[in-house]
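Undergrad: What follows is a structure written as structure tokens; I'll ask about it next.
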Amino acid sequence: MEAGGLEQAAAKDSTTSLDQHNEDPPPLAQDEGPTSSCENMLTVVRSALDDWELTYQLVERANSNPLNPLIEFGMSGQYTNYRAIISIDMEDDIFAVYYVCPLKIIENRRRELARYLAGANYKVMVGHFDLDFRDGEVRFKISVILRGTVLSQEMVKQMIGISMKTMDKFFPGMMACEFGDISADNALLDLERPANHHNPDFPDAEVTQ
């Protein structure tokens, strides 16, 4: 091939290559698979709670988004009663369970309690504790992204059960930090001791029937 022909061929190849790179990228793949509607999710939650014969209510909020309903109910733990909240966020396909501690942490113990909860969060495999420094409220939260899947009664029960078990495990340490003047480190160390071990520095807790 003559020089002129080589130059023309190279120019053509370059143009073709540029045209290929300038093409619009293919559209992103859309999520496939079943997805629960808000109504279906509420039905599943109600069925799970009814199966446990729990009393619950749909929380009415001013200017609330119908795609973000809240269901509230009470649960009796080993040491105390908890306020439980189920949150459904259809906009982001998130299902969450909150357990709220019935006692708020007094202001001068919140920093030590925050250290205790940070240690607790390091230990738990699913979910996490939050402390509101404004009013001392403590809650445990567990959530799951439902995009591409369907919420089931078993998932609802598992998440409620894990929340209850976790709150019961760490509740005595919370009370020790607040009322027993125990350090966060000592409260966390007590979790590692045998279940039948009694720490005289820890306040006794009454079992809720």
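Since every read-out is calculated from the coordinates, none of them should be taken as a lab result. Since we're looking at a predicted model, the values are computed, not measured. Quick reminder, even Gly has a Cβ in these numbers, built from the backbone with ideal geometry, and neighbours come from all protein chains shown.
Undergrad: What size of dipole, in debye to the nearest 20, comes out for the range 35-161 about its Cα centre when the only charges are +1 on Lys and Arg C-beta atoms and -1 on Asp and Glu C-beta atoms?
TA: 640 debye
Undergrad: Next up: Within the range 82-137, list the GluC sites (Glu not before Pro) lying in a DSSP loop whose Cβ has at most 13 other Cβ atoms in a 10 Å radius.
TA: When the GluC sites (Glu not before Pro) of the range 82-137 are filtered for loop state and at most 13 Cβ neighbours within 10 Å, Glu91 remain.
Undergrad: Identify all lysines with a Cα-Cα distance to Lys123 below 19 Å; exclude those on the same chain that are fewer than 8 residues away in sequence.
TA: Excluding near neighbours in sequence, the set is Lys141, Lys165, Lys169.
Undergrad: Multiply the residue gap between Asn81 and Val126 by 0.36 nm, knock off their C-alpha separation, and tell me the result in nm, one decimal place.
TA: 14.0 nm
Undergrad: Any chance you could run the full-extension gain for Glu53 through Cys38? It's 0.36 nm times the residue separation minus the Cα-Cα distance, nm to one decimal.
TA: Value of the extension gain: 3.2 nm.
Undergrad: If you filter the range 57-165 for trypsin sites (Lys or Arg not before Pro), then keep DSSP loop positions with at most 12 other Cβ within 10 Å, what is left?
TA: Details: sites: Arg61, Arg83, Lys104, Arg109, Arg110, Arg111, Arg115, Lys123, Arg134, Arg139, Lys141, Arg147, Lys157, Lys165; in loops: Arg61, Lys104, Arg134, Arg147.
Counting only loop positions with at most 12 other Cβ atoms within 10 Å, the trypsin sites (Lys or Arg not before Pro) in the range 57-165 are Arg61, Arg134, Arg147.
Undergrad: Net charge within 9 Å of Val100 by Cβ-Cβ distance, Lys/Arg positive one each and Asp/Glu negative one each, not counting Val100 itself?
TA: So the surrounding residues net to +1.
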